[in-house]
Amino acid sequence: MSFLSEMQATDGPSSTIETLTQRTVATATPGGSTAVPYGGLTAASIFESSGTDKASPSLISALPADVSEVTMSTALGATAGFASKKLAKTAGLLIGVGFIGVQALAHADILHVNWPKVENFMIGRVDEDGDGKLTGKDLQIKATRMLHNLTTDFPSSAGFAAAFAIGFRYG
């Protein structure tokens, strides 16, 4: 029985994926575990020739159209998370180098810094809940606002947010 006729005999794409999942087993090899096809399902059997010299991807065409939206939002979420972490690290580096420079100038009596005034100015800029302190709630509000801005008019914001978290974690 060919893959296409099996797919037509099932109830649709989800049954096709279940069939693929059931037919693939993991075996242990000296280099690690590898997934091997079981029951004659191979990569070549997924693509069926359509009578022309091109192969038509029957599995891909059987999946719902939303899969491409989820894939796109997941890829964009991971890359946005990765880039956000890199930007945050760069901003932290620049702020740290700037602070070291200002402290070196203050230590050499070239510059005098009114740190309480600087602190009040900075907290006024980043305090989101208006309590006069920088707390975890302020950071949560900023993160929620950023994710909302990134996912506005986006087809799959859940996939984007999950992938963003993963990209930010490993960025």
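Could you list, in sequence order, the residues of segment 147-164 that are part of a helix (DSSP H, G or I) and open to solvent by less than 80 Å² (accessible area, probe 1.4 Å)? Residues satisfying the conditions are 147, 150, 151, 157, 158, 159, 160, 161, 162, 163, 164.
Can you pull out every residue in segment 104-114 that is at negative phi and open to solvent by 100 Å² or more (accessible area, probe 1.4 Å)? Correct list: 107, 110, 112. On the basis of being assigned to a helix (DSSP H, G or I) and under 21 Å from residue 166 (Cβ atoms), does residue 120 make the cut? Here the answer is no, as residue 120 does not meet what is asked. Applying the set (1) at pLDDT 95 or above; (2) surrounded by 11 or more Cβ atoms within 10 Å (Cβ to Cβ) to residue 64 leaves exactly one unmet item: (1).
If you go through segment 121-136 and keep only what is modelled with pLDDT of 85 or more, surrounded by 13 or more Cβ atoms within 10 Å (Cβ to Cβ) and of a type in the set (A, V, I, L, M), you end up with just 123. Scanning segment 137-164 for residues that are within 30 Å of residue 116 (Cα to Cα) and within 23 Å of the chain's Cα centre (by Cα) yields 139, 140, 141, 142, 143, 144, 145, 146.
Residue under question is residue 139, and the condition is that it be exposed (fewer than 13 other Cβ atoms within 10 Å of the Cβ) and over 30 Å from residue 71 (Cβ atoms); does it hold? Yes. When residue 78 is tested against (1) open to solvent by 50 Å² or more (accessible area, probe 1.4 Å); (2) under 23 Å from residue 163 (Cβ atoms); (3) modelled with pLDDT under 95, only condition (1) is not met. Considering 92, 101, the condition of being assigned to a helix (DSSP H, G or I), surrounded by 11 or more Cβ atoms within 10 Å (Cβ to Cβ) and not polar (S, T, N, Q) is satisfied by 101 alone.
The values are calculated or read from the model by the stated rules, or taken from the named source; none is laboratory data. As the structure is a computational prediction, the values presented were derived from the model and not from experiment. Cβ atoms come from the backbone with ideal geometry, glycine included; neighbour counts cover every protein chain shown. Please note that ligands, DNA and RNA were not included when accessible areas were found on the heavy atoms of the full protein model with its side chains. Shrake-Rupley method; radii C 1.70, N 1.55, O 1.52, S 1.80 Å.
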